[in-house]
Amino acid sequence: DGGITQSPKYLFRKEGQNVTLSCEQNLNHDAMYWYRQDPGQGLRLIYYSQIVNDFQKGDIAEGYSVSREKKESFPLTVTSAQKNPTAFYLCASRGSGFFSEQYFGPGTRLTVT
Amino acid sequence: ILNVEQSPQSLHVQEGDSTNFTCSFPSSNFYALHWYRWETAKSPEALFVMTLNGDEKKKGRISATLNTKEGYSYLYIKGSQPEDSATYLCAFMRGETSGSRLTFGEGTQLTVNP
């Protein structure tokens, strides 16, 4: 089955630790995205990548880092510099064609205490 | 940061009712408007991608219209069913060199009571 996988579903970390969230897709999509959702808010774009070895900051990139070494993978690292890391994180990808829809993974809920 | 607004924030209707909600977006540099449905415990799924002023799209009992000149889109659900209960998100794509990024509204949470 083609799709996007995110692991783990729930992640718990202590404050001050970096943590990496996984996102893998087998849809052969070039573009991939990371969003964050907080209660009562819409999806906010953290980083996106339109092609391997290239990525751009979204609206809330501070305290996060990404890499795009392979087409299938777009991991997100939440660093200790992120002041409010507890949130729900969604990964998405988009096929070719500028008007293509985005496909979403199941999300990872990160709790930092 | 672009401003995409959805109203109402939440909506409770009875099974069989028809309903509609609104997405407002900047009317300049329009490129596309996406609608997604996000059911609890699932991933958001695309309903429509709308690109032209006056566009009307339909999928079963759900339809959407687009007015790019005034910057709004309506989503309609005819004869709501409990399985329509979800959060409906709209997302705006701007036509410039910022790439394929979307700006999402906060969503309208629909609950359909049997």
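Details
- Leading residue by the ranking (farthest from A:Phe98 (Cα to Cα)) among those in region B:36-45 that are surrounded by fewer than 18 Cβ atoms within 10 Å (Cβ to Cβ) and not hydroxyl-bearing (Ser, Thr, Tyr): B:Ala41
Residue-wise test of (1) touching a residue at least 12 places away in the same chain (Cβ under 8 Å); (2) outside any loop (DSSP other than H, G, I, E, B); (3) exposed (fewer than 13 other Cβ atoms within 10 Å of the Cβ); (4) aromatic (Phe, Trp, Tyr).
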| position | (1), (2), (3), (4) |
| --- | --- |
| A:Thr20 | yes, yes, no, no |
| A:Leu27 | yes, no, no, no |
| A:Met32 | yes, yes, no, no |
| A:Ser49 | yes, yes, no, no |
| A:Glu62 | yes, no, yes, no |
| A:Pro85 | yes, no, no, no |
| A:Leu90 | yes, yes, no, no |
| A:Leu110 | yes, yes, no, no |
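- Test: residue in region B:91-105 that is outside any strand (DSSP E or B), more than 14 Å from chain A (Cβ to nearest Cβ), of a type in the set (Asp, Glu) and farther than 18 Å from A:Gln102 by Cβ: no
- Answer residue from region A:64-83, given it is in a loop (DSSP other than H, G, I, E, B) and of a type in the set (Gly, Ala, Ser) and is farthest from the other protein chains (Cβ to nearest Cβ) among those: A:Ser80
- Candidates B:Leu89, B:Leu110 - the one that is buried (at least 17 other Cβ atoms within 10 Å of the Cβ) and more than 11 Å from the chain's Cα centre (by Cα): B:Leu110
No lab work stands behind these numbers, since they all come straight from the coordinates. What you see is a predicted model, and the numbers here were worked out from it, not measured in a lab. As a convention, Cβ positions derive from the backbone with ideal geometry for all residues, glycine included, and neighbour counts pool all protein chains shown.
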